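Written out below as structure tokens is the structure these notes cover.
The values are calculated or read from the model by the stated rules, or taken from the named source; none is laboratory data. Remember, it's a predicted structure, so these values are computed and weren't measured experimentally. Here the Cβ is made from the backbone with ideal geometry for all residues, glycine too, and neighbour counts use every protein chain on show.
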Amino acid sequence: MTRWTRYGLVAAMVVTGLGGPPAVARERQAATGVDQRLVEGSRVKTATRTCVYFVDGGRLRPMRYAAYKNLFSGWGGIKTIKSAPEELMGVNMRGDTRIVRVRGDERIWFIDNGREKRLVRTFHGIGFSSRLVELVEPEELDPYYEGTPIG
């Protein structure tokens with residue numbers, strides 16, 4: 001086997017995941033059908049259902065259509081997974097979920113189901129639409145309690 005063949009074989013193993021995650025993650029992925037390497041803030045769906053899930057804290061949160069439209073401007077970038085196991089289901093995202101920026105502050109906040117504000121650390125990495133960010137006054141965030149950051 002030549003050196004270049006070995007490099008190609010190693011590259012193929014890394015791309016397909018055979019050389020990447022530890023054995024435990026591979027076993028969990030095989031058991032649940034969900035890729036445990038999914039990035040926080042990514043969107044996924046199964047091939048058999050139309051529901052889009054938001055990956056948040058290791059959970060798959062079903063998104064209502066209104067919540068999706070408040071956060072994303074298109075349908076690109078959604079990954080397909082084999083299944084959405086019940087044990088990984090999180091709280092639904094309702095229509096009052098949105099993204100805001102306080103006037104005079106560059107930070108972006110995720111308003112989660114109209115109750116909690118969560119700092120967005122990697123706005124573009126998640127794929128939120130910048131044209132959907134609402135500009136608000138500082139006192140408008142006062143009623144929300146601060147939760148775990150996203151991204």
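Details
- Check on residue 98, without any contact (Cβ under 8 Å) to a residue 40 or more places away in the chain and over 15 Å from residue 41 (Cα atoms): no
- For residue 107, the conditions (1) at pLDDT 90 or above; (2) surrounded by 13 or more Cβ atoms within 10 Å (Cβ to Cβ) all hold with the exception of (2).
- Within region 55-72, tally of residues that are surrounded by fewer than 13 Cβ atoms within 10 Å (Cβ to Cβ) and either farther than 15 Å from residue 42 by Cβ or touching a helix residue (DSSP H, G or I) at 6+ places or on another chain (Cβ under 9 Å) (or both): 2
- Residue 114 passes every criterion in (1) assigned to a strand (DSSP E or B); (2) under 20 Å from residue 148 (Cβ atoms); (3) not aliphatic (A, V, I, L, M) apart from (1).
- Residue check for residue 41: at positive phi, of a type outside the set (Phe, Trp, Tyr), outside the structural domain of residue 113 (by TED's automatic domain parsing) and surrounded by 13 or more Cβ atoms within 10 Å (Cβ to Cβ): yes
- Any chance residue 84 is crowded, with 17+ Cβ neighbours inside 10 Å and modelled with pLDDT of 95 or more: no
- Leading residue by the ranking (nearest to residue 151 (Cα to Cα)) among those in region 35-89 that are assigned to a strand (DSSP E or B) and aromatic (Phe, Trp, Tyr): 54
- Qualifying residue in region 119-128 (condition: charged (D, E, K, R) and more than 15 Å from residue 148 (Cα to Cα)): no
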